[in-house]
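Trainee: What follows is a single structure, and I will ask about it in a moment.
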Amino acid sequence: MIEIKDLSCAFSDSLFSRNKFTAVSPLNINFRKGGRYAIVGESGSGKTTLARMIAGLQKPSGGNVFVGEKPVYRKNGNLKEHFKKIQIIQQNSLSALDPKMIVGRSIEEPLICFFHMDRTTRRKRCEELMGICNLPADYYSRLPCELSGGEQKRVAIARALAVQPQCLIFDEATNGFDLPLRKKIIEEIIQLQESIGFTLIFITHDIDLAVEVADEILVMRDSKLLEKVKFSGDISVFKNEYSKILLRASRHKPVKLSYERNN
């Protein structure tokens, strides 16, 4: 389980300014093992900063993240073990891939970092991960620039899964894709989550997507967590007025996925 206690983050307005703005107000959340969550909010709501703190990429101003009761942020702490437990897939997958590194080597890099594998075992595991993520075996020797946006996303997912994470965060990771490709990638990641059992957290501005993919939905606005609801298809569970505004303003054209929700 991932437990967030009094977690907050504030940034200075500029390098020499004493003025600070709050990106995430103190909040407390639990994410259960194997759960599927969506954190929804408009730009500036704090959802991405929250995701980065959970992933170990942004040091909080206060509070802490606990994974299995162990604090992530501690004096003289080593975040390497945390990066093995929690992985994040961000919007621009290409920026996460070395343009000069072939796909196979990119996927193998976490295996080299976290596991003691000989070259043959590493290659076999890489090919398994490529198969899981629907990447042809002959893509092993391709460069990122030779792949489509969807294929680059699959490489990023395979690379994240290489460390056998307990939690995978999907931060606006299908933005910019057309609807069929977006649907396909989301379906694939949910199928992987159901078969492997990791916790899955979607970060999105799209409440239509949230109600389609998540069993629990968190709504943020202006750095604050407004509400957290368990969702099984009935939108009346949303009580906060802002959540209702998002639902009314949505296009009501969710990404219909071909999986059955676990009620």
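The values are calculated or read from the model by the stated rules, or taken from the named source; none is laboratory data. Just so we're clear, the structure is a prediction, and the values are computed from it rather than from any experiment. When we count neighbours, we look across all protein chains shown, and the Cβ atoms used for this are built from the backbone with ideal geometry, even at glycine.
Trainee: Identify all residues within segment 44-65 that are under 25 Å from VAL213 (Cα atoms) and either part of a strand (DSSP E or B) or among the charged types (D, E, K, R) (or both); write none if there are none.
Mentor: Those that are under 25 Å from VAL213 (Cα atoms) and either part of a strand (DSSP E or B) or among the charged types (D, E, K, R) (or both): LYS47, ARG52, VAL65.
Trainee: Restricting the search to segment 13-43, which residues are without any contact (Cβ under 8 Å) to a residue 12 or more places away in the chain and in a strand (DSSP E or B)?
Mentor: Correct list: LYS20, PHE21.
Trainee: Return yes or no: is ARG142 closer than 24 Å to PHE177 by Cα, surrounded by 16 or more Cβ atoms within 10 Å (Cβ to Cβ) and over 15 Å from the mean Cα position of the chain (by Cα)?
Mentor: Spelling it out, ARG142 is indeed closer than 24 Å to PHE177 by Cα, surrounded by 16 or more Cβ atoms within 10 Å (Cβ to Cβ) and over 15 Å from the mean Cα position of the chain (by Cα).
Trainee: Output the number of the condition that ALA160 fails; it satisfies all remaining conditions of (1) surrounded by fewer than 21 Cβ atoms within 10 Å (Cβ to Cβ); (2) on the phi < 0 side of the Ramachandran plot.
Mentor: For ALA160, the failing item is (1).
Trainee: A follow-up question, please. Which residue, of GLY46, GLY56, GLY62, is in contact (Cβ under 8 Å) with a residue 12 or more places away in the chain, within 23 Å of ALA160 (Cα to Cα) and of a type outside the set (Phe, Trp, Tyr)?
Mentor: GLY56
Trainee: Please go through segment 98-133 and give me each residue that is of a type in the set (S, T, N, Q) and touching an Asp or Glu at 6+ places or on another chain (Cβ under 9 Å), ordered by number.
Mentor: Correct list: SER106 only.
Trainee: Now for a separate question. Under the condition of being among the charged types (D, E, K, R) and not in a helix (DSSP H, G or I), which residue from segment 139-182 is modelled with the highest pLDDT?
Mentor: The residue in question is ARG142.
Trainee: How many residues, within segment 172-183, are among the charged types (D, E, K, R) and exposed (fewer than 15 other Cβ atoms within 10 Å of the Cβ)?
Mentor: 1
Trainee: Continuing with the same structure: Would you point out which residue out of GLU108, GLU128 is over 20 Å from the mean Cα position of the chain (by Cα) and over 11 Å from ARG159 (Cα atoms)?
Mentor: Result: GLU128 is the single residue among GLU108, GLU128 that is over 20 Å from the mean Cα position of the chain (by Cα) and over 11 Å from ARG159 (Cα atoms).
Trainee: Still on this structure, I have one more. Answer yes if at least one residue in segment 95-111 is under 21 Å from LEU218 (Cβ atoms) and either at pLDDT 95 or above or touching a Gly at 6+ places or on another chain (Cβ under 8 Å) (or both), and no otherwise.
Mentor: Within segment 95-111, not a single residue is under 21 Å from LEU218 (Cβ atoms) and either at pLDDT 95 or above or touching a Gly at 6+ places or on another chain (Cβ under 8 Å) (or both).
Trainee: Determine whether VAL67 is closer than 15 Å to ILE4 by Cα, among the β-branched types (Val, Ile, Thr) and buried (at least 16 other Cβ atoms within 10 Å of the Cβ).
Mentor: yes
For every residue, the table says whether it meets (1) among the small types (Gly, Ala, Ser); (2) in contact (Cβ under 8 Å) with a residue 40 or more places away in the chain; (3) surrounded by 12 or more Cβ atoms within 10 Å (Cβ to Cβ).
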site	(1), (2), (3)
ASN78	no, no, no
PHE114	no, yes, yes
ARG125	no, no, yes
ALA137	yes, no, no
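Trainee: Would you point out the residue of segment 184-210, among those that are touching a residue at least 60 places away in the same chain (Cβ under 8 Å) and among the β-branched types (Val, Ile, Thr), that is surrounded by the fewest Cβ atoms within 10 Å (Cβ to Cβ)?
Mentor: ILE190
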